[in-house]
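Q: Dropping the structure in here first, questions after.
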Amino acid sequence: MPQTHHPNFSKKKRPNWKKRWASPQTAPHQITKKPLMFLIYGRTGWIGSLPGKLCHSQGIDFTYAAGRLQDRASLEDHIAAAKPIHVFNAAGVTGHPGVDWCESHMVDTIQTNVVVTLTLADVCGEKGLILINCHGLYIRV
């Protein structure tokens, strides 16, 4: 009788997906039993204010980070104090009074929108945290 399945993939070796994912509606944090906790950067901007409103409406714990992103030690302190599961970054320079400011202050714009964001990503990576980065990145080369 011909073999109908590969011998390395018997039913006994297959993971039990139904047990792992209880239903399509089950969120990953419900499976792992870890409560969600967001640390949000960029609360004064339009994009940065939205995750807090969403978390509040869904009953998810969150906190806004205080201070500036330029100091790595400060980032590590914020993360250690908040104990987040996710970090949401919407902090960045968009220019005041308009985007033309970024043209005349390119070093400041790149420092904040690129270098600081990469530092935050590095810190989150070291801590095993999920970083969600969402801000208007303006760089003209």
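The values are calculated or read from the model by the stated rules, or taken from the named source; none is laboratory data. These numbers come from a predicted model, not from an experiment. We place every Cβ from the backbone using ideal geometry, glycine too, and count neighbours over all the protein chains shown. Surface accessibility is based on the protein's heavy atoms, side chains included, excluding ligands, DNA and RNA. Shrake-Rupley method; radii C 1.70, N 1.55, O 1.52, S 1.80 Å.
Q: Scan Ile130, Ile60 and give me the residue that is surrounded by fewer than 19 Cβ atoms within 10 Å (Cβ to Cβ), at pLDDT 80 or above and in contact with a Leu (Cβ under 6 Å, 6 or more places away or on another chain).
A: Ile60 is the lone residue from the list that is surrounded by fewer than 19 Cβ atoms within 10 Å (Cβ to Cβ), at pLDDT 80 or above and in contact with a Leu (Cβ under 6 Å, 6 or more places away or on another chain).
Q: Scan segment 64-114 for residues that are open to solvent by less than 50 Å² (accessible area, probe 1.4 Å) and of a type in the set (Asp, Glu) and jot them down.
A: none
Q: Next up: Any residue at all in segment 35-51 that's at pLDDT below 85, of a type outside the set (Val, Ile, Thr) and over 26 Å from Leu118 (Cβ atoms)?
A: yes
Q: Got a sec? Which of Val93, Val116 is under 21 Å from Ser49 (Cα atoms), over 12 Å from the mean Cα position of the chain (by Cα) and assigned to a helix (DSSP H, G or I)?
A: Selected residue: Val116, the only one of Val93, Val116 that is under 21 Å from Ser49 (Cα atoms), over 12 Å from the mean Cα position of the chain (by Cα) and assigned to a helix (DSSP H, G or I).
Q: Now for a separate question. Assuming Val87 fulfils every condition listed in (1) modelled with pLDDT of 90 or more; (2) assigned to a helix (DSSP H, G or I) apart from one, which condition is it?
A: So the condition that Val87 fails would be (2).
Q: Ok, one more. Would you pick out the residues in segment 63-77 that are closer than 15 Å to Thr44 by Cβ and at pLDDT below 90?
A: Ala65, Ala66, Gly67, Arg68, Leu69
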